[in-house]
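All remarks here apply to the structure that follows.
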Amino acid sequence: MQAAGFYHEAADGTLQCDLCRHYCRIRAGRTGMCRVRRNVDGRLYSLSFGHAIAQAGDPVEKKPLYHFMPGTKTWSFGTPGCNFTCGNCQNWQISQCIPDEARLPVTSPEKIVENALQAGCASIACTYTEPTIFAEYALETMKLAKAAGLRTIWVSNGYMSPNCLDAVSPWLDATNIDLKSMDDAFYRRTCGARVEPVLDNLRHIFRGGIHLEITTLVIPGYSDAPEMLERLAGFIAKDLGPEVPWHVIPFYPEISWKMSATPAAGVSALEMARAIGKSAGLSYIYSGAGSNDTFCTHCGHKLVQRHRTLGNAAAIRFDSGGRCPSCNAHSPIKD
Ligand code: SF4
Ligand code: SF4
């Protein structure tokens, strides 16, 4: 077990974990909600440090990040545990498990970076479950990755504490954050969390200049109401900016944790979300319906061409030097 950071002793003698907005009060011998931070004799330990349970060189488009280093691969890794309990989770076997440390594989931060370099990746990505709950492991790996010339990515539910965000931000180049709904009731019932901290962190990340893209999973009956999607797209456009890419992705019941009886999202729901995003003024909306290519907002010239399937995304770039090759306008694509 690795000694954890991000906690303090509370007045009642428990340890308060300060890593995410749950701020769990953890009694001796117990773990927090994420099941990977344990109070052992008055000290908090991380059960996830070094335990990358999944690792792969993925196209960066699969995170999804469409405006950050298109066409490159990112060495992706994640540990067991999550601070959310989403009924729709597709990685629930690792996000909702109770980790048995003795049986978990061990991969040092150095080895993660070595794997990334050997695989020809341009970045590392902390993903698959929730990077916040393995923040100490992520941070150590990110620092080594930056020293080796790699970029760093978080794919996150956006529920980190301000302490965590302040510690991670100097080392973080790009992030995709789930904005699952604007309804607090959805967050409470489906994820075991609240929406306001996510909105607060999104504003903070955007203002901090970290490359930001947002993903919304469209779940029929849960997160497909037009008025909710209008509020969500309006939040991105007004509180963040119209250039922030919005990924609208369909829910698949077959691989969900607890929602196998919920129908899959149809093309019409994705088309509706895309139309709502356009009405809200968003410049870049990506979904299974319509083109996943990026076009210059000034002259319409194609800047990036992508295959339609996210899993096998490959991108061809036509922009150069941050400019549209046709009209020389600013390109939203970042390196
Ligand atoms: S990371 Fe969040 S869920 Fe996990 S113990 Fe800390 S406060 Fe609780
Ligand atoms: S969907 Fe993401 S945030 Fe929700 S439980 Fe799964 S890994 Fe955690």
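The values are calculated or read from the model by the stated rules, or taken from the named source; none is laboratory data. Just so we're clear, the structure is a prediction, and the values are computed from it rather than from any experiment. Note that we place each Cβ from the backbone using ideal geometry, even for glycine, and neighbour counts take in every protein chain shown. Side chains included, ligands, DNA and RNA excluded: accessible areas come from the protein's heavy atoms. Shrake-Rupley method; radii C 1.70, N 1.55, O 1.52, S 1.80 Å.
Considering segment 8-18, and only residues there that are over 20 Å from the mean Cα position of the chain (by Cα) and surrounded by fewer than 23 Cβ atoms within 10 Å (Cβ to Cβ), the residue that is nearest to ligand 2 (Cβ to nearest atom) turns out to be Q16. Quick check on D183: is it open to solvent by 10 Å² or more (accessible area, probe 1.4 Å), over 21 Å from V36 (Cβ atoms) and touching a residue at least 12 places away in the same chain (Cβ under 8 Å)? Against the criterion (open to solvent by 10 Å² or more (accessible area, probe 1.4 Å), over 21 Å from V36 (Cβ atoms) and touching a residue at least 12 places away in the same chain (Cβ under 8 Å)), D183 qualifies. Of all positions in segment 99-109, at least one carries a residue that is over 23 Å from V168 (Cα atoms), of a type in the set (D, E, K, R), without any contact (Cβ under 8 Å) to a residue 24 or more places away in the chain and open to solvent by 30 Å² or more (accessible area, probe 1.4 Å). The set of residues in segment 26-55 being among the hydrophobic types (A, V, I, L, M, F, W, C), away from ligand 2 (no atom under 15 Å from the Cβ) and not in a loop (DSSP other than H, G, I, E, B) consists of I26, V40, L44.
Let's see how each residue does on (1) buried (at least 24 other Cβ atoms within 10 Å of the Cβ); (2) under 30 Å from R151 (Cα atoms); (3) within 13 Å of ligand 1 (Cβ to nearest atom):
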position	(1), (2), (3)
C20	yes, yes, yes
R30	no, no, yes
C34	yes, yes, yes
Y45	no, yes, yes
I53	no, yes, no
D58	no, yes, no
L65	yes, yes, no
P70	yes, yes, no
T79	yes, yes, yes
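Taking the criterion of being within 16 Å of ligand 1 (Cβ to nearest atom) and open to solvent by 30 Å² or more (accessible area, probe 1.4 Å), the only residue of segment 197-216 that qualifies is D200. Residues that are touching a strand residue (DSSP E or B) at 6+ places or on another chain (Cβ under 6 Å), assigned to a loop (DSSP other than H, G, I, E, B) and more than 16 Å from ligand 2 (Cβ to nearest atom) within segment 76-121 comprise A119, C121, listed in sequence order. Can you confirm whether V267 is touching a strand residue (DSSP E or B) at 6+ places or on another chain (Cβ under 7 Å) and not hydroxyl-bearing (S, T, Y)? So V267 does not fit the description; no.
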